[in-house]
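The values are calculated or read from the model by the stated rules, or taken from the named source; none is laboratory data. The shown structure was predicted, so the numbers you read here are calculated from the model rather than taken from an experiment. So basically every Cβ, Gly included, is an ideal-geometry build from the backbone, and we count neighbours across all protein chains shown. These area figures cover heavy atoms from the full protein model, side chains too; ligands, DNA and RNA do not enter into them. Shrake-Rupley method; radii C 1.70, N 1.55, O 1.52, S 1.80 Å.
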Amino acid sequence: MGRVQLFEISLSHDRVVYSPGEPLAGTVRVRLGAPLPFRAIRVTCTGSCGVSNKANDAAWVAEEDYFNSSLSLADKGSLPAGEHSFPFQFLLPATAPTSFEGPFGKIVHQVRAAIHTPRFSKDHKCSLVFYILSPLNLNSIPDIEQPNVASATKKFSYKLVKTGSVVLTASTDLRGYVVGQALQLHADIENQSGKDTSPVVASLLQKVSYKAKRWIHDVRTIAEVEGAGVKAWRRAQWHEQILVPALPQSALPGCSLIHIDYYLQVSLKAPEATVTLPVFIGNIAVNHAPLSPRPGPGLPPWAPPLVVPSAPPQEEAEAAAGGPHFLDPVSLSTKSHSQQQPLLATLGSVPGAPEPCPQDGSPASYPLRPPLCISTGATVPYFAEGSGGPVPTTSTLILPPEYSSWGYPYGESRARAWQGGDARSPMQTLLSPRRGPTVL
């Protein structure tokens, strides 16, 4: 064994997650097999961000520092053989951003210690990474409690000479959610043509933007739900929900090099129609659900009032002859869900989730919702800004432990998602990439 048998940093109470403005205390421990002369023993607490043009490349092309504080633990002298402890304490700045690590950059906070030895001798160094979580209060975002609504109309041709259109409207109950909360989705699809539509797909997307020499956008599908198509001359409604998995918060306040956005995208492939709803992921839930008049029978309170256009003039005869009236909507079934169904008892404790129906069929009970689970990362079309197309990547998005250790009820569904011989960690498996970066 060498002269330095142990040189390590430990934090008080074995903590790894801190909040901005908190004190960070710990100890530097040294065990020596023989006396060690030194010039100084110092400990440094740093926070910084680095961004690269290439995935998993530590050669940063852009960097920024958030704090850098140093303490001298001992001046010039000699440490005798045996164990030595040097306590330290730093005050974390109130503006420190949340820790984050992705394929093109990361925000890292760490404590480093060094024993500076006399000239021509090797210095001894060690470091310890800790994580900062700066809670995002969703109530601080303007209009966060309001319904989220978007609509698109697509005109198209079919059977060579016929024309029609489809009106796709999507809405969610809120604009912001916390981990473990159920995002309630409502879609209304009006098929004003004699041709059936393709299945409707809803996807929760994460877009991480890295400011290198130019912006790099890494887009991934977090969860995906597929519903049935809409028959000709029919109006259909689709109710679904997505359980928000463990995800980094939106925006990353305090960091100018990395930005995180989330979207709910609802789309049809044929005819091609897409609506995109921006959503926020935070740490403090919205105080109350939105209050708005119920727009019509069978629709949730947040759904927009329906405006029903007439069929195209050349199709009015066909609509009158064979199609039901648009105001008689049908309910679409769900064909597949990338999330698996957790236990009902587990679901009942999720914020925003409905209570299970009692066995006696009480009318006051809530209906059971569609299955929920962890994402498998299936891909749907995503139309990013700019002309650059997406480039596949095999990088995984690594999350700090605070995002996967919260006490939200994943239980059995999480265990199922990690079965099947996947050797990756739970944090890596959670956001398995299916869509690569877009460089603009």
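Taking the condition at pLDDT 95 or above, within 20 Å of Leu277 (Cα to Cα) and either touching a strand residue (DSSP E or B) at 6+ places or on another chain (Cβ under 8 Å) or among the basic types (Lys, Arg) (or both), does Lys154 pass? When the stated conditions are applied, Lys154 passes them. Taken as a whole, the structure places Ala236 among residues that are among the hydrophobic types (A, V, I, L, M, F, W, C) and open to solvent by less than 10 Å² (accessible area, probe 1.4 Å).
Restricting attention to region 25-74, which residues are among the aliphatic types (A, V, I, L, M), in contact with a Phe, Trp or Tyr (Cβ under 8 Å, 6 or more places away or on another chain) and over 25 Å from Pro103 (Cβ atoms)? Once the filter is applied, which keeps residues that are among the aliphatic types (A, V, I, L, M), in contact with a Phe, Trp or Tyr (Cβ under 8 Å, 6 or more places away or on another chain) and over 25 Å from Pro103 (Cβ atoms), region 25-74 yields Ala25, Val28, Val30, Ile41, Val43, Leu71, Leu73, Ala74. Taking into account only those residues within region 261-276 that are surrounded by fewer than 21 Cβ atoms within 10 Å (Cβ to Cβ) and in contact with a Ser or Thr (Cβ under 6 Å, 6 or more places away or on another chain), which is farthest from Leu205 (Cα to Cα)? Applying the filter and picking the extreme gives Ala270. Evaluation of Asp261 against the conditions (1) at pLDDT below 95; (2) within 20 Å of Gln146 (Cβ to Cβ); (3) within 21 Å of the chain's Cα centre (by Cα) shows that the sole unmet condition is (1). With the condition kept exactly as written, say whether any residue in region 26-48 is loosely packed, with under 14 Cβ neighbours inside 10 Å and farther than 22 Å from Ile115 by Cα. Checked region 26-48: no residue is loosely packed, with under 14 Cβ neighbours inside 10 Å and farther than 22 Å from Ile115 by Cα. Residue count for region 84-132, restricted to those that are among the hydrophobic types (A, V, I, L, M, F, W, C), more than 27 Å from Ala74 (Cα to Cα) and open to solvent by less than 20 Å² (accessible area, probe 1.4 Å): 5.
Of the residues Gln249, Gln241, the single one that is modelled with pLDDT of 90 or more and either of a type in the set (Gly, Ala, Ser) or part of a loop (DSSP other than H, G, I, E, B) (or both) is Gln249. Residue under question is Ala113, and the condition is that it be touching a Leu at 6+ places or on another chain (Cβ under 7 Å) and at pLDDT 95 or above; does it hold? No; evaluated as a whole, the condition is false for this residue.
The selection criterion, being outside the structural domain of Pro93 (by the TED database) and open to solvent by 10 Å² or more (accessible area, probe 1.4 Å), does not hold for Pro248. Can you say whether Ser209 is over 12 Å from the mean Cα position of the chain (by Cα) and free of Cβ contacts under 8 Å to residues at least 60 places away in the same chain, as far as the supplied structure shows? Answer is yes for this residue. Counting only residues that are in contact with a helix residue (DSSP H, G or I) (Cβ under 6 Å, 6 or more places away or on another chain) and outside any strand (DSSP E or B), which one in region 277-288 is most open to solvent (accessible area, probe 1.4 Å)? Across region 277-288, the extreme among qualifying residues is Asn287. At least 1 residues being within 29 Å of Ile258 (Cβ to Cβ) and free of Cβ contacts under 8 Å to residues at least 24 places away in the same chain is the threshold, and among the strands (runs of 3 or more DSSP E) wholly inside region 1-95 those reaching it are 62-74.
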